[in-house]
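To start, the structure itself, in structure tokens.
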Amino acid sequence: MIEIEVDPVAACHPTAAPGYGKRSAPSQSPRTQSDFSHLPEREAYLAAYIDRLPDGAAIDTKTLAREQPRYGQQAVRSALRKLADLGHLLRIRERAGEGLTRWVSRTYFSRTARPVVWWQRFLADRRTSGSADTTPAPPAHSIAYRALASLGAADKRMMLSANECEELEPLAAAWFARNVTVEQFRYAMTNGLPTTIQCAGAFTRKRLIDRIPPEPEPMPECPTCRMSHSGRCSVQEPNGTPTTRIRAWADLSRTLIRETKQRTKR
């Protein structure tokens, strides 16, 4: 017999009403452990959580806040807006039902960040032909490129051209591969600047090389939630018993009670 391993988070998460819930966008990259490493901690956690859920799962703010242990409704609401801004999430309202008389909300999730033009083309194709355009779209600028481009806003002496951002992108990407946030990166690049900078590109290149932080210590993957983290798994109860096992025992107990009552009536 082949045993199918079910993700405990996905197994316990509620399903939305028919026609609602999570919808996966097409043409996504294969799943890896670093899919959301470019995001802040809160957004990365919730994006990984949603990514593991099947299509049709309820991913409204209240349900997500209730089902995952870390963040409340306000934090979840803010994180979902951030994920939408970064191209991982799209929420739309459209008419549905016979005669298109009802307005419903649709939520699409993409493990691969998509630029606005990709989502616009996806929606246009879906509305005209009923199916999404599966042609891979040009990738959006990476977090490294965007962080470099934002340095000029932090300090005008660090204004970089588009060509300089492209040339320095691999060096900046090495920083984000070491779990550096955008705020930390921006601070490292703009803190303690000299009065005059003759060439922002050359200056940034030197800082990228000289100030790169050490590589973080790898953390083992948790067998319960399949995420890398330190300390006790938040998917487990205080006594260490997985939530799925508790719910399974509760369901079994209710079934036995019902059967006992039925035999008593006979």
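Every read-out reported here was derived from the displayed coordinates using simple, explicitly stated rules and does not represent laboratory data. Since this is a predicted model, take the numbers as computed values, not measurements. For neighbour counting, all protein chains shown are included, and Cβ atoms are generated from backbone atoms with ideal geometry for every residue, glycine included.
Table for the structure above
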{"quantity": "Compactness of the stretch 34-86, expressed as Rg and Dmax over alpha-carbon positions, Å", "calculated": "10.3, 27"}
{"quantity": "Per-pair calculated FRET efficiency, R0 = 45 Å: GLN120 and ILE257 via Cβ, rounded to 0.05", "calculated": "0.25"}
{"quantity": "Under Karplus coefficients 6.51, -1.76 and 1.60, residue-wise ³J(HN,Hα) of the stretch 50-63 in Hz, glycine/proline x", "calculated": "5, 4, 7, 7, x, 4, x, 5, 6, 10, 6, 4, 5, 5"}
{"quantity": "Gained length - ARG127 relative to SER161, 0.36 nm times residue gap less alpha-carbon distance", "calculated": "8.4 nm"}
{"quantity": "Proximal lysines relative to LYS156, as straight alpha-carbon distance under 20 Å, when same-chain residues fewer than 8 apart are discounted", "calculated": "LYS206"}
{"quantity": "Phi to ³J(HN,Hα) by Karplus 6.51 cos²θ - 1.76 cosθ + 1.60 over the stretch 181-192, Hz, x for Gly, Pro", "calculated": "7, 4, 4, 5, 5, 5, 5, 5, 7, 10, 7, x"}
